[in-house]
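Every read-out reported here was derived from the displayed coordinates using simple, explicitly stated rules and does not represent laboratory data. Keep in mind that what you see is a predicted model, and the values were worked out from it rather than measured. Cβ coordinates were reconstructed from backbone atoms using ideal geometry, including for glycine residues, and neighbour counts include every protein chain displayed.
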Amino acid sequence: MSVHESPTMSTDSLIIFDTTLRDGEQSPGASMTKDEKLRIARQLERLRVDVIEAGFAASSPGDFEAVKAIAAAIKDSIVCSLARANDRDITQAALALAGAARSRIHTFIATSPLHMEKKLRMTPDQVFEQARLAVRFARNLNGDIEFSPEDGYRSEPDFLCRVLEAVIDEGATTINIPDTVGYAVPELYGAFIRDLRERVPNSDKAIWSVHCHNDLGMAVANSLAGVKLGGARQIECTINGLGERAGNCSLEEVVMALKTRRDYFGLSLGIDASQIVAASRLVSQTTGFVVQPNKAVVGANAFAHASGIHQDGVLKARDTYEIMRAEDVGWSANKIVLGKLSGRNAFKQRLQELGLSFEAEGDVNAAFAKFKELADRKSEIFDEDIIALVGDESVTHEQEHYRLIALAQHSETGERPHARIAFAIGDTEVQVESDGNGPVDASLKAIESKVASGAELVLYSVNAITSGSTESQGEVTVRLQQGGRIVNGVGSDPDIVIASAKAYLAALNKLHSKAERVAAQG
Ligand code: KIV
Ligand code: ZN
């Protein structure tokens, strides 16, 4: 295991630490496979985030493999793994990160009275000692060590200062102060960070970081206050603000605030903002967490001027109503990019332009076959269609246990809809049929009549992939809950009944592959 040097930075630059693949993934239903994580990690690298928190290596063999694969693939960003403050977790993190060009171990232990007493059942002295020893152990394996006092914002400041001074002495290079439950307000959080930095005698030996949850909708504001008032120089955030409960600080919002108001914040970032929309789409498509239309920066309406007064103003002078340019964050007008006659090379080139290139030629071929199928049914293919198509499980390495072969449905006024479906279970083709309240209901019931997953459908949503036209493909998200597990499946097709069946089968595949992974460990 190599011991890397700790990161250095000038005081007027800010580190963007993305935790979509770790904290974001903790959101119920957002769990991702290794290949999905790898694809997102590559996009994060194109976005030029400084640190990618790839997962929590000790949490499962699957996450260990994902961190390992990302560590091997990513060259330009530091790859990080989370680890509880114990030798086993830290060793697992170090092993998973061994192949990385640059890596970081992020270790944490809770320090708030509530968490120490009720969750850890440890005394403050025991927590102090465990934090210190964990950082000492980690520092012997890696030169870049981040320490987080979980629930830091609700911790008692004297105790927190004692812990932080000790872990910096042991070699922690980044000190991250989580507002784990999203309780902070900007001025207080900023002052909290500033006071800690002033009171911890060796605070200048570490980079200070903010990590805010969005329970009161203030994660971005709190993070910015931690930087402006508190002097933090790292922000932890996720694409689309993905994360447990109300999510984490949203990368696109915090980055564009810092860039657009550089006059105020005065900090430089390494981020390539033109990759933001592609990253947002990829994360939403992969996890099935749809982006709300009025979401800042990445929502479909973020740059749409509907009112006549605004449109008139923008046409006369853009900056009357626009503080940033849509194209600067990667929005392109819905462009027809390819069609039925486009060849494999044109398709491959467009994949590359969209940052979606595949490693294996076999995967390009599978994606191209899907593209041809789509182009036969839909005359105009947009960038959004290609992104959705590439996110389709059937063109990736994922094991597809259930696969749609054909679907026919009949619905007519006054008649009960009926669906007939052929799909593959492993190597066997099965035929099923069912009635339902509507064609989607009939299709899902038909599939379920054979699979008998018993899973509860907790979310069903349909969105147009390219807005403003009924010719668009429908993108369906299905969320299933089964025995305490929640998975999302996404399917796209010009026919929303087919998209629904694909989404349902994709969710069943996730339940199935998880069950297989658990069985393999047992
Ligand atoms: O929110 C939190 O406290 C965390 C830590 C593990 C950093 O995610
Ligand atoms: Zn968190």
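Numbers below:
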quantity: Relative packing of peptides 182-189, 121-128, 208-215, 195-202 - highest average C-beta neighbours within 10 Å first; calculated: 208-215, 182-189, 195-202, 121-128
quantity: Listed peptides 80-92, 292-304 by packing density, highest first (mean Cβ within 10 Å); calculated: 80-92, 292-304
quantity: Expected-Rg normalisation [2.2 N^0.38 Å, Cα atoms] applied to region 9-133; calculated: 1.12
quantity: Burial ranking of peptide ranges 232-244, 316-328 (average Cβ count within 10 Å, highest at the top); calculated: 232-244, 316-328
quantity: Cα pair distances in region 398-457, grouped into 5 Å bins until the bin that holds the longest one, percent each; calculated: 4, 20, 26, 23, 15, 7, 3, 1, 0
quantity: 18 Å tail of the calculated P(r), region 408-522, as % of Cα pairs; calculated: 54 percent
quantity: Global form of region 167-213, assessed from the alpha-carbon gyration tensor, a/c cut-off 1.5; calculated: oblate
quantity: Percent of Cα-Cα distances greater than 20 Å, calculated over region 99-205; calculated: 37 percent
quantity: Kyte-Doolittle at least -1.0, axis length at least 30 Å by Cα - qualifying DSSP helices, the chain; calculated: 496-521
quantity: Expected-Rg normalisation [2.2 N^0.38 Å, Cα atoms] applied to the chain; calculated: 1.02
